[in-house]
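The values are calculated or read from the model by the stated rules, or taken from the named source; none is laboratory data. Just so it is clear, the structure is predicted and the values come from calculations on it, not from any experiment. Quick reminder, even Gly has a Cβ in these numbers, built from the backbone with ideal geometry, and neighbours come from all protein chains shown.
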There are 2 protein chains.
Amino acid sequence: MKMAVVGTGVIGNGWIARMLGQGHDVVATDPAEGAEERMRRAVDQSWSYVEALGLAEGASRDRLTFEADAAEAVKEADFIQENVPEIEELKQTVLQTIDQHAKADAIIGSSTSGIMPSELQTNLNNPERFVVAHPFHPVYILPLVEIVPGEETTHEHVEKAISIYESLQMSVLHVRNEIEGHIADRLIEAIWRESLHIVNEGIATTEEVDKAFTHGAGMRYAQYGPFLTFHLAGGEGGMRHMLKQFGPALKKPWTKLEAPELTDELYNKVVSGCEHQSNGMTMSELDQNRNEFLVRLYDLVQEYWPKETEKTHS
Amino acid sequence: MKMAVVGTGVIGNGWIARMLGQGHDVVATDPAEGAEERMRRAVDQSWSYVEALGLAEGASRDRLTFEADAAEAVKEADFIQENVPEIEELKQTVLQTIDQHAKADAIIGSSTSGIMPSELQTNLNNPERFVVAHPFHPVYILPLVEIVPGEETTHEHVEKAISIYESLQMSVLHVRNEIEGHIADRLIEAIWRESLHIVNEGIATTEEVDKAFTHGAGMRYAQYGPFLTFHLAGGEGGMRHMLKQFGPALKKPWTKLEAPELTDELYNKVVSGCEHQSNGMTMSELDQNRNEFLVRLYDLVQEYWPKETEKTHS
């Protein structure tokens with residue numbers, strides 16, 4: 001496929017490396033002075049990791065071209081990924097340019113972290129082929145992409161977009177409901193806000209906050225998310241036991257975040273959700289699976305944790 | 001050393017396995033019917049992971065004894081870890097029993113998730129040797145322990161406690177300021193509350209929320225915490241660039257959590273904190289270090305992610 005990448009910052013360059021690694025032709029565009037050189041350097045720097053994850057047949061950095069003019073860059077593309085700075089008006093303007101010059105059936109994805117697709121597709125001639133496709137840095141390694149259709153996106157185009165992102169070896173999360181920050185960034189932002197409060201109040205340093213996460217919960221979250229993690233922490237009783245034991249903590253000042261009421265409806269959603277996603281694995285199998293993973297992860301991550309700065313314990 | 005573990009739920013049993021693996025004598029106590037049998041089964045189930053992480057010389061499950069009476073169980077111990085349910089009055093009562101029967105200089109640690117040490121040490125005869133020592137499930141694998149002294153804990157006893165937990169092959173985070181939920185649980189609780197809101201409002205299922213975390217940000221957090229992750233996402237400009245680009249998002253409704261004001265003071269704390277904890281590594285070195293880790297982690301975690309449930313994309 002012919003692919004175009006609009007905006008070559010950290011995220012745009014990550015998309016380019018991923019697309020090239022999967023054997024596509026890529027045209028990159030960015031109006032900034034020196035953008036091509038910075039982009040080529042970034043792609044070169046990421047290439048060994050792209051190779052380590054496995055190149056598709058015919059994959060080559062020679063299939064990358066640069067075209068400063070966005071209208072020109074997108075006109076032949078079957079698929080275009082937009083990655084300009086997170087300013088709504090700017091994104092709308094750039095998306096209109098793409099929409100006007102691209103083929104009418106080319107899929108357009110936006111990497112926006114938090115803007116809702118219905119807002120971004122408002123002034124497009126062909127809004128039906130537009131989706132939010134939010135990746136995670138580094139894009140050439142992390143598999144997740146959140147696909148969020150807007151009100152005007154058609155089912156057919158969502159399906160087509162999903163196949164394209166899957167063909168880029170990504171794990172697609174189809175977000176069925178628009179919300180500011182989609183899903184993942186809301187969780188990241190919740191951690192971020194609480195972390196800022198802790199530093200702001202002088203409770204701990206940034207390094208201490210980081211360590212509080214990486215050496216404990218962070219290791220768990222590479223494998224199981226917040227729900228399955230708590231399901232497991234409940235022992236044989238799973239999430240039911242967990243909600244009984246730690247449900248009351250929702251009333252305590254454990255964060256600056258106001259908690260929802262733990263209604264019967266929410267309780268049932270959470271418990272049945274965990275049971276469903278366990279997908280036939282027993283608690284004991286989930287538990288063993290986690291342990292085997294954590295032992296191997298611990299062995300691995302010790303090579304890569306940053307060395308702690310010198311400090312006395314007191 | 002002679003160690004005692006009071007309360008043999010999921011966390012208490014995790015401590016027992018870790019202590020035995022490090023070659024200590026352990027006396028466990030729990031008043032519940034059938035506690036000894038459940039505990040021995042739990043220790044047996046975790047033993048292969050304890051072995052995989054490496055046994056200390058002389059380590060053996062034969063060094064574990066059970067004593068139903070708490071007063072009796074703790075009287076010879078040099079170090080006692082309390083793990084009874086998260087109910088403040090219950091913990092206070094049990095800690096008083098421990099304090100009265102233990103040697104006057106034995107270190108007492110509490111596994112409490114969220115209660116502050118000054119509250120727990122109020123009625124002890126020897127409050128100076130009491131600390132919160134909050135571990136993470138599974139305790140026999142995850143290295144982090146948050147050590148939080150109370151107002152009456154002496155410096156000397158904090159140092160002694162830290163050496164004991166370090167000798168158990170743990171990564172000690174000395175939390176210098178008491179706060180509900182300590183540090184790590186505040187971050188975990190922030191994710192948890194936002195996750196509950198998302199499920200409560202019907203935005204996504206528990207499985208989708210979990211995937212939104214494990215296949216992206218969760219992989220990053222096993223290595224770098226919230227601060228260093230954003231420092232890296234800022235490209236060459238690091239946290240300075242990041243705060244410029246995403247600082248304004250603090251004003252947006254990206255979570256249900258109220259954000260702090262991004263004052264100059266907070267800005268400086270965060271930027272200099274990240275620079276300090278980089279500990280001489282350049283952005284590019286941090287970046288390469290992360291990439292090498294993520295490539296190996298991705299290879300590893302694919303074997304262990306739970307299989308997704310069947311669903312259509314629509």
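Scanning region A:43-75 for residues that are within 14 Å of chain B (Cβ to nearest Cβ) and of a type in the set (S, T, N, Q) turns up A:Gln45, A:Ser46, A:Ser48. With the checklist (1) within 9 Å of chain B (Cβ to nearest Cβ); (2) crowded, with 17+ Cβ neighbours inside 10 Å; (3) of a type outside the set (Lys, Arg) in hand, flag the one item A:Asn177 doesn't pass. The one condition A:Asn177 does not meet is (2). I'd like the residue in region B:134-145 that is touching a Pro at 6+ places or on another chain (Cβ under 8 Å) and touching a residue at least 12 places away in the same chain (Cβ under 8 Å) and, out of all such residues, is farthest from A:Gly218 (Cα to Cα). Only one residue tops the list, namely B:Val145. When each of B:Ile16, B:Ile98, B:Ile11 is tested for being touching a His at 6+ places or on another chain (Cβ under 7 Å) and of a type in the set (Val, Ile, Thr), the lone residue that passes is B:Ile11. A:Leu124: free of Cβ contacts under 8 Å to residues at least 60 places away in the same chain, in contact with a Leu (Cβ under 7 Å, 6 or more places away or on another chain) and outside any helix (DSSP H, G or I), yes or no? Here the answer is yes, as A:Leu124 does meet what is asked. Just one of the listed residues (A:Lys211, A:Lys244) is among the charged types (D, E, K, R) and in contact with a Leu (Cβ under 7 Å, 6 or more places away or on another chain), and it is A:Lys211.
One residue stands out among those in region B:250-265 that are at pLDDT below 75 and within 7 Å of another protein chain (Cβ to nearest Cβ): the one that is nearest to A:Gly181 (Cα to Cα), which is B:Trp254.
For region B:238-249, enumerate the residues that are more than 7 Å from every other protein chain (Cβ to nearest Cβ) and not aliphatic (A, V, I, L, M). Listed by number, the residues that qualify are B:Gly238, B:Arg240, B:His241, B:Lys244, B:Phe246, B:Gly247, B:Pro248.
Candidates are the residues of region A:207-237 that are at pLDDT below 80 and in contact with a His (Cβ under 8 Å, 6 or more places away or on another chain); the one that is farthest from the other protein chains (Cβ to nearest Cβ) is A:Gly234.
Restricting A:His157, A:His182 to those that are more than 7 Å from every other protein chain (Cβ to nearest Cβ), part of a helix (DSSP H, G or I) and touching an Asp or Glu at 6+ places or on another chain (Cβ under 6 Å) reduces the list to A:His157. Restricting A:Asp105, A:Asp78 to residues that are more than 14 Å from chain B (Cβ to nearest Cβ) and in contact (Cβ under 8 Å) with a residue 60 or more places away in the chain narrows the list to A:Asp78.
When you check A:Gly181 against the structure, is it touching a Ser or Thr at 6+ places or on another chain (Cβ under 9 Å) and at pLDDT below 95, yes or no? Against the criterion (touching a Ser or Thr at 6+ places or on another chain (Cβ under 9 Å) and at pLDDT below 95), A:Gly181 qualifies.
Select from region A:1-50 the residues that are modelled with pLDDT under 95 and in contact with a helix residue (DSSP H, G or I) (Cβ under 6 Å, 6 or more places away or on another chain) and write down the one among them that is nearest to A:Ile107 (Cα to Cα). So the residue we want is A:Val10.
Take region B:125-138 and flag every residue that is at pLDDT 95 or above and crowded, with 20+ Cβ neighbours inside 10 Å. B:Pro127, B:Arg129, B:Phe130, B:Val131, B:Val132, B:Ala133, B:His134, B:Pro135, listed by residue number.
Listed here are the residues, each with its yes/no results for (1) touching a residue at least 24 places away in the same chain (Cβ under 8 Å); (2) farther than 27 Å from A:Gln223 by Cβ; (3) in contact with a Ser or Thr (Cβ under 7 Å, 6 or more places away or on another chain); (4) of a type outside the set (D, E, K, R).
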{"site": "A:Leu120", "(1), (2), (3), (4)": "yes, yes, yes, yes"}
{"site": "A:His155", "(1), (2), (3), (4)": "no, yes, yes, yes"}
{"site": "A:Lys160", "(1), (2), (3), (4)": "yes, yes, no, no"}
{"site": "A:Glu166", "(1), (2), (3), (4)": "no, no, no, no"}
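For A:Val295, the criteria (1) modelled with pLDDT under 80; (2) more than 7 Å from chain B (Cβ to nearest Cβ) hold in every case but one, which is (2). Considering (1) surrounded by fewer than 24 Cβ atoms within 10 Å (Cβ to Cβ); (2) under 11 Å from the mean Cα position of the chain (by Cα); (3) part of a loop (DSSP other than H, G, I, E, B), say which one B:Val172 fails and leave the rest. All conditions are met except number (3). The single condition among (1) farther than 30 Å from A:Asp299 by Cβ; (2) out of contact with any Ser or Thr (no Cβ under 9 Å at 6 or more places or on another chain); (3) surrounded by 23 or more Cβ atoms within 10 Å (Cβ to Cβ) that B:Leu232 does not meet is (1). Residues being within 14 Å of chain B (Cβ to nearest Cβ) and out of contact with any strand residue (DSSP E or B) (no Cβ under 6 Å at 6 or more places or on another chain) are represented in region A:119-127 by at least one member.
Within region A:4-26, work out how many residues are of a type in the set (A, V, I, L, M, F, W, C) and either more than 13 Å from A:Tyr140 (Cα to Cα) or part of a loop (DSSP other than H, G, I, E, B) (or both). Matching residues across region A:4-26 total 4.
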